[in-house]
Structures are given as structure tokens and as C-alpha cells.
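Notes follow once the structure below has been shown.
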Amino acid sequence: MNWNDATDALGIDEMDQTHREFTALVTLLSEANDAEFVALFGKLLDHSRQHFSNEGRLMRISRFPALGEHEGEHHRVYADLVQMNRAVQRGRLMLARAYVRTGLTEWFALHLSTMDASLAAHLKRTGESRATLTGMALPVLT
Ligand SMILES: [Fe+2]
Ligand SMILES: [Fe+2]
């Protein structure tokens with residue numbers, strides 16, 4: 001999986017940075033030997049938890065209308081990752097390797113271009129991204 005700033009960046013820095021890291025992790029996983037794969041899959045799980053909870057925070061502070069649908073997708077994928085990580089940590093890698101190569105990669109491409117793109121557009125429209133960049137809990141109302 002390759003990251004291309006020109007086509008993949010959504011214009012919200014913290015989302016783009018997370019997505020860059022996610023893409024790099026998935027690429028490392030697809031090239032990893034078994035021992036590396038086990039460690040990296042654990043990292044992917046942690047990274048995804050932060051990724052999804054951070055987007056959840058952005059959705060809440062900006063009152064994103066499609067919050068339920070978007071978080072539903074996050075929860076579904078996170079539950080798959082948790083289940084697969086259990087097998088991976090017991091040395092059963094086959095299913096997770098296939099998932100990283102196809103299902104997860106395809107899911108991310110679609111999720112990025114639909115739900116994440118729509119969240120980023122909403123943040124730009126409402127100006128809430130400024131609040132996240134300055135670390136404020138709530139945006140300044142003007
Ligand atoms: Fe995302
Ligand atoms: Fe998302």
C-alpha cells in the first residue's frame with residue numbers, strides 16, 4: 001500500500017499524519033517475516049485504536065452528522081483487528097496476512113475516499129480543525 005500526498009491527503013493535518021502512519025504500518029506488515037509480523041500487528045491494533053478514537057473526538061467536537069455510521073465502521077474494523085490479533089499472538093498468521101494484503105487495504109482505500117473525506121470536508125467547512133491544531137478542547141465561536 002502506497003501513500004500519495006497528492007491524491008490521499010485530506011487537508012486536515014492530524015488525520016493525514018495518522019493515515020500516513022497507517023499506510024506505512026500496513027506496508028511493513030506485508031513485507032514482514034513471522035516474528036516481525038506478530039509485533040507489528042500489535043502495533044497496528046494500538047495505532048488503529050488511537051486513529052479511530054481521535055476521529056471520534058473530531059466528529060464530536062464538530063457535531064459531525066454521520067457520526068453513528070462512521071463510528072460503526074471503525075468499531076466493526078477494530079473488532080476484526082482484535083479478533084485477528086488474538087490468533088496472531090498465538091502464532092496463527094495466515095488469516096491476518098491475507099486480511100492485511102486484501103481486506104484491510106481495500107477497506108482503507110474506500111473508507112479514506114468516502115467517510116474520512118467527508119469528515120475532513122466537514123471540519124474544513126466548520127473550521128473545527130483549528131481547534132484540534134491548537135489543542136483546544138472546544139472551538140472558539142465567532
Ligand atoms: Fe481515518
Ligand atoms: Fe474514519
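Please treat every number below as a calculation from the coordinates, not as lab data. Bear in mind the structure is a predicted one, so any value in this text is a computation, not a measurement. Because the Cβ atoms are built from the backbone with ideal geometry, glycine has one as well, and the counts that use them run over all protein chains shown.
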Quick one: among 91, 11, 42, which has the greatest mean-square fluctuation in a GNM of the chain with alpha-carbon springs under 10 angstrom? 91
So for region 9-133, averaging the separation of alpha carbon pairs under 8 Å that are six or more residues apart and normalising by length, what relative contact order in percent results? 38
Hey, got the dipole for the chain? About the Cα centre, +1 on K and R Cβ, -1 on D and E Cβ, debye to the nearest 20? 380
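What is the Cα radius of gyration of region 29-99 over 2.2 N^0.38 Å, N being its residue count?
Details: Rg = 14.3 Å, N = 71, 2.2 N^0.38 = 11.1 Å.
That works out to 1.28 for region 29-99.
Which whole-number value in Å³ per residue fits the convex hull of the alpha carbons of region 62-113?
It is 74 Å³ per residue.
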With Cα springs under 10 Å, the Gaussian network model of the chain assigns the largest mean-square fluctuation among 35, 98, 117 to 35
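Based on DSSP H runs of at least 4 residues, each adding -39500 (n - 2.57), what is the mean residue ellipticity at 222 nm of the chain after dividing by all its residues, to the nearest 500 deg cm²/dmol?
On the way: 8 runs with 102 residues, N = 142.
Calculated from helices alone, the mean residue ellipticity at 222 nm is -22500 deg cm²/dmol.
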Projecting the Cα atoms of 17, 58, 107 onto the charge dipole of the chain, where Lys and Arg contribute +1 and Asp and Glu -1 at Cβ, the residue farthest towards the positive end is 58
Computed over the Cα atoms of the chain, the Rg and Dmax in Å are 15.9, 55
